Ligand SMILES: [Zn+2]
């Protein structure tokens, strides 16, 4: 269950090689990655672009989109946030058959920063809240050679050994200690709720935890500032529009919700709209 073992497994996994780089990253050194307060035009990593070329001389800015699918739990209930195991299996089989490759958040970040190459059809498969069915999610993804991104609050019912086991099959991101609507909390309380969760996840999993997802997709100005101050590399929203990689805002990466009862045809239409 060691860090080295996680890394070795990541290197052996049949996925985009950036996973190993993401897992090998050291923990953020605590300093802010962005100046505070952060004006939108700085956060956006969104320098003027002409015909796909960066004016910063960094090479080709990535004009493709990376769909970041958002799941919550895998079950046969009617809950809006549930996806049946059968539907998830169909969706993963389609992605696999159609050439999609899961990338790590670090791969996306590198593409945003320096135009690092991405696979031809990249996708991120994220699941929030640390429900028990994360095991089903991980196993289903693994059958198709995919790895997931797991956003866990401390309210998750997963035991620490379960977290370690799942962390070896994917990537772990922070999702707050108490899963609050952050906009109801003072700035200092937002910071503590996010930071304590991230520290615990690092301790438990031995992974760097450099991504965050806003609970309920709710945030205010302080939320984004705190996320930047704490050194997170990327923060994910719970919705959004398809956005070219070169135009993404690090503190608000959009995600595509996969709702309960979505037909495979509608799944395909939605995913393809994000390419
Ligand atoms: Zn959540």
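The values are calculated or read from the model by the stated rules, or taken from the named source; none is laboratory data. Everything numeric in this text was worked out from a predicted model, so none of it was measured. Cβ sites come from the backbone with ideal geometry, for glycine too, and all protein chains shown count toward neighbours.
For the condition touching a strand residue (DSSP E or B) at 6+ places or on another chain (Cβ under 9 Å), surrounded by fewer than 20 Cβ atoms within 10 Å (Cβ to Cβ) and over 29 Å from residue 89 (Cβ atoms), residue 250 does not qualify.
Pairs meeting the criteria (first residue in region 213-224 and in contact (Cβ under 8 Å) with a residue 60 or more places away in the chain, second residue more than 8 Å from the ligand (Cβ to nearest atom) and assigned to a helix (DSSP H, G or I), beta carbons under 7 Å, at least 6 apart or on different chains) are 215/182.
Scanning region 198-208 for residues that are surrounded by fewer than 21 Cβ atoms within 10 Å (Cβ to Cβ) and either over 17 Å from residue 106 (Cα atoms) or within 16 Å of the ligand (Cβ to nearest atom) (or both) yields a total of 4.
Considered as a group, the residues in region 209-230 that are crowded, with 18+ Cβ neighbours inside 10 Å and away from the ligand (no atom under 16 Å from the Cβ) include one that is farthest from residue 114 (Cα to Cα), and that residue is 222. For region 152-177, a tally of residues being over 21 Å from residue 142 (Cβ atoms) and in contact (Cβ under 8 Å) with a residue 60 or more places away in the chain returns 1. When the test is whether a residue is within 18 Å of the chain's Cα centre (by Cα) and surrounded by fewer than 22 Cβ atoms within 10 Å (Cβ to Cβ), residue 125 does not pass it.
Considering only residues of region 131-186 that are within 16 Å of the ligand (Cβ to nearest atom) and surrounded by fewer than 16 Cβ atoms within 10 Å (Cβ to Cβ), which is farthest from residue 100 (Cα to Cα)? The selected residue is 184.
Can you confirm whether residue 235 is at pLDDT below 95 and either in contact with a strand residue (DSSP E or B) (Cβ under 9 Å, 6 or more places away or on another chain) or surrounded by fewer than 19 Cβ atoms within 10 Å (Cβ to Cβ) (or both)? No; evaluated as a whole, the condition is false for this residue. Quick check on region 89-99: of everything there that is over 10 Å from residue 144 (Cα atoms) and out of contact with any helix residue (DSSP H, G or I) (no Cβ under 6 Å at 6 or more places or on another chain), which residue is surrounded by the fewest Cβ atoms within 10 Å (Cβ to Cβ)? Looking at residues that are over 10 Å from residue 144 (Cα atoms) and out of contact with any helix residue (DSSP H, G or I) (no Cβ under 6 Å at 6 or more places or on another chain), I get 99.
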